[in-house]
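Trainee: The structure's right below; bear with me while I get my questions together.
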Amino acid sequence: MGLVLEGWLLFPAGLRYNGAEVCDVGEVQIRKARIHDVEQIHRLINSYAAEGLMLPRSLSMLYESLRDFVVAQDGPRVVGTGALHIVWEDLAEVRAVAVDPAYTRRGIGKRLVEALLAEAGELGIPRVFALTYQPGFFQRCGFRPIAKEELPQKVWRDCINCPKFPHCDEVALILDLRS
Ligand SMILES: CC(C)(COP(=O)(O)OP(=O)(O)OC[C@H]1O[C@@H](n2cnc3c(N)ncnc32)[C@H](O)[C@@H]1OP(=O)(O)O)[C@@H](O)C(=O)NCCC(=O)NCCS
């Protein structure tokens, strides 16, 4: 599966040209989110939401669920984020994974997911799923596609707030941490 459950706090990220902004970053730190990160998390998620690439989040939703979030930090800047939302005793969701366009394709998204999976492991949660428009990325993180109907009913509790409800076009994937 190739998960790195230890040593995920610090990692180097080199200079890479991706056709947009070039960021010469030294070290990007993956850590739990703090209250002063919320405005940057909000901007990052909603810039992608405006393009239809992920679901929007209000400031109030982010403050209420802040303890679910990790961030990637480059100096004062939040350059990535992601969240682990517990659904039930045996199931959690990785959600709201986003990396600043200037920092993509250098492993930050995968490190964020690994940090969230490590947290699920520490909590004793055996299975983690994702609903996403980027199934390829999650497959690279060890998830496998499943039919949405295989997910339990309680997963859909939050969907009533989604602008796409009831016409969900996201792809479901799951990862079993025990295998
Ligand atoms: C999807 C996203 C989180 C990926 O972040 P990233 O930092 O560029 O991803 P990484 O560099 O860690 O990539 C990890 C692996 O996934 C692959 N990958 C990255 N984005 C991919 C994509 N969109 N489709 C398929 N594979 C992808 C990478 O090539 C890499 O493969 P490797 O392990 O063989 O090297 C980022 O592009 C993003 O924020 N997109 C907009 C928001 C979004 O769609 N979020 C999805 C979750 S809701």
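Trainee: Based on Cβ point charges of +1 for Lys and Arg and -1 for Asp and Glu, what charge dipole magnitude is obtained for the chain about its Cα centre, in debye rounded to the nearest 20?
Mentor: Here the chain has a charge dipole of around 160 debye.
Trainee: Work out how far the C-alpha atoms of region 22-77 reach from end to end along every principal axis, then list the three figures in whole Å, largest first.
Mentor: 31, 26, 14
Trainee: While we're on this one: Amide H of Met54: which non-local residues (sequence gap of 5 or more, or other chain) have their own amide H closer than 5 Å, using H built in the peptide plane?
Mentor: Those lying under 5 Å, H to H, from Met54 are Ala49.
Trainee: Roughly what would the spin-label model give for Ala102 and Gln29, points 7 Å off Cα along C-beta, in nm?
Mentor: Spacing of the two 7 Å Cα→Cβ label points: 1.9 nm.
Trainee: Relative to the longest principal axis of the C-alpha atoms of the chain, give the angle of the C-alpha long axis of helix 108-123, reported between 0 and 90° and rounded to the nearest 10°.
Mentor: That works out to roughly 50 degrees.
Trainee: To check my understanding: the extent here is largest minus smallest coordinate of the Cα atoms along each principal axis. What are those three numbers for the chain, in Å, largest first?
Mentor: Computed over the chain, the largest-to-smallest principal extents equal 45, 35, 31 Å.
Trainee: Given the DSSP H assignment, sum -39500 (n - 2.57) over each helix run of at least 4 residues in the chain and divide by its residue total; what's the result at 222 nm in deg cm²/dmol, nearest 500?
Mentor: Calculated mean residue ellipticity at 222 nm is -7000 deg cm²/dmol.
Trainee: Enumerate by residue number the GluC sites (Glu not before Pro) in region 72-179 meeting two conditions: DSSP loop (anything except H, G, I, E, B), and at most 11 other Cβ atoms within 10 Å of the site's Cβ.
Mentor: In loop regions of region 72-179 (DSSP not H, G, I, E or B), the sparsely surrounded GluC sites (Glu not before Pro) are Glu89.
Trainee: Over all alpha-carbon pairs of region 51-148, lay out the pair-distance distribution in 10 Å bins, whole %, shortest bin first.
Mentor: Using 10 Å bins, I get a P(r) of 14, 49, 33, 4, 0 for region 51-148.
Trainee: So what's the angle, to the nearest 10 degrees on a 0 to 90 scale, between helix 38-50 and the longest Cα principal axis of the chain?
Mentor: The angle comes out at about 70 degrees.
Trainee: Using DSSP loop states and a limit of at most 13 other Cβ atoms within 10 Å to flag trypsin sites (Lys or Arg not before Pro), what is the longest stretch of the chain containing no flagged site?
Mentor: Free of exposed loop sites, the longest segment is 35-104.
Trainee: Setting aside same-chain residues fewer than 8 positions from Lys154, which lysines have a Cα under 22 Å from its Cα?
Mentor: Here the lysines satisfying the reach criterion relative to Lys154 are Lys164.
Rule-based calculations on the coordinates, nothing more; no lab input. None of the values given here were measured: they were computed from a predicted structure. Note: ideal-geometry Cβ built from the backbone for every residue, glycine included; neighbour counts use all protein chains shown.
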